[in-house]
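A short worksheet on the structure shown next.
The values are calculated or read from the model by the stated rules, or taken from the named source; none is laboratory data. Computed from a prediction, not measured in an experiment: that's the story for all the values here. Using ideal geometry, Cβ is built from the backbone for each residue, glycine included, and neighbour counts are taken over all protein chains shown. The accessibility values were calculated without ligands, DNA or RNA, using every heavy atom of the protein model including side chains. Shrake-Rupley method; radii C 1.70, N 1.55, O 1.52, S 1.80 Å.
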Amino acid sequence: MEYIIHLSWDNEASVWTATSNDIPGFALKSSSFHTLLEHTRATFPELLTLNSSIPSPISLTFISEPQKISLR
């Protein structure tokens, strides 16, 4: 089963966020993009286990959209 993870930069909080509509309650934050990916890879399967059974195999698709930055 494929799960989609949305990655975005929060300018106000200066952190990356990871969310997914596929698993309720999935939300992570990190100041480092790399650390966020590592935490997502570790946490997502655990959350799947808590919410339901884990289908095999699991496929994670990461989507990161560019954010507009306003310079003043």
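Here are the numbers for this structure:
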{"item": "The stretch 1-58, accessible area per residue, ligands and nucleic acids excluded (1.4 Å, Å²)", "result": "63"}
{"item": "Pairs of Cα atoms farther than 13 Å apart, the stretch 1-54, %", "result": "56"}
{"item": "Residue 47/residue 10 FRET efficiency (R0 22 Å; Cβ-Cβ; nearest 0.05)", "result": "0.60"}
